[in-house]
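Since every read-out is calculated from the coordinates, none of them should be taken as a lab result. Just so you know, these numbers come straight off a predicted model, no measurement behind them. Every residue, glycine among them, receives a Cβ derived from its backbone with ideal geometry; neighbour counts consider all protein chains shown.
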Amino acid sequence: MLRSSSPQNACTWRCDRCGRPIADGHGYIEFVDPEGGYPKWTLARDYGAEDADRLWEAKHALPSGGVTFRADDVPETPIRADVVAYHKRCDPHPDQDSYWFEVERARTARDVLDWIVHLTEKIWFGRREAKAFADKFLLGLSRADGGQ
Ligand SMILES: [Zn+2]
């Protein structure tokens, strides 16, 4: 019989590096830019984070001094994030900036729905990220072992 440290219908998050289950207090779920770090504007990838805001404002400034963007501009600014789960000890980039939270804060469907509602406020969180997060959660739901 498999050991279980999680209640039924709780997600067993597995480490994307070692493949083993992540127990409460031992790891986190992370949203990271595909090229590393916090999900960022395309401009930030091309020019560096320090210049991206200035370039964006220069390109989209209104004569009145405000800044705007149109729906037409959206395809030029794809902001994507990959979702990964790591044990603290396994994170290959422990010092890199990212959006993250502890695995114990995303064990149930209620938890994950709350996160998705919250994350839709982030400019980098779209349907691709929501699907990846939900898929990973659902995969974890089908497992019976707890791990550490
Ligand atoms: Zn690991």
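Just a few scattered comments:
- Exposure proxy for E121, E104: other Cβ atoms within 10 Å of each Cβ, ordered fewest to most, give E121, E104.
- For T108, T12, order by how many other beta-carbon atoms lie within 10 Å, fewest first: T108, T12
- Phi-based couplings in Hz for region 122-138 (Karplus 6.51, -1.76, 1.60; Gly and Pro marked x): 8, 5, 8, 9, x, 4, 4, 5, 4, 5, 4, 5, 5, 4, 5, 4, 4
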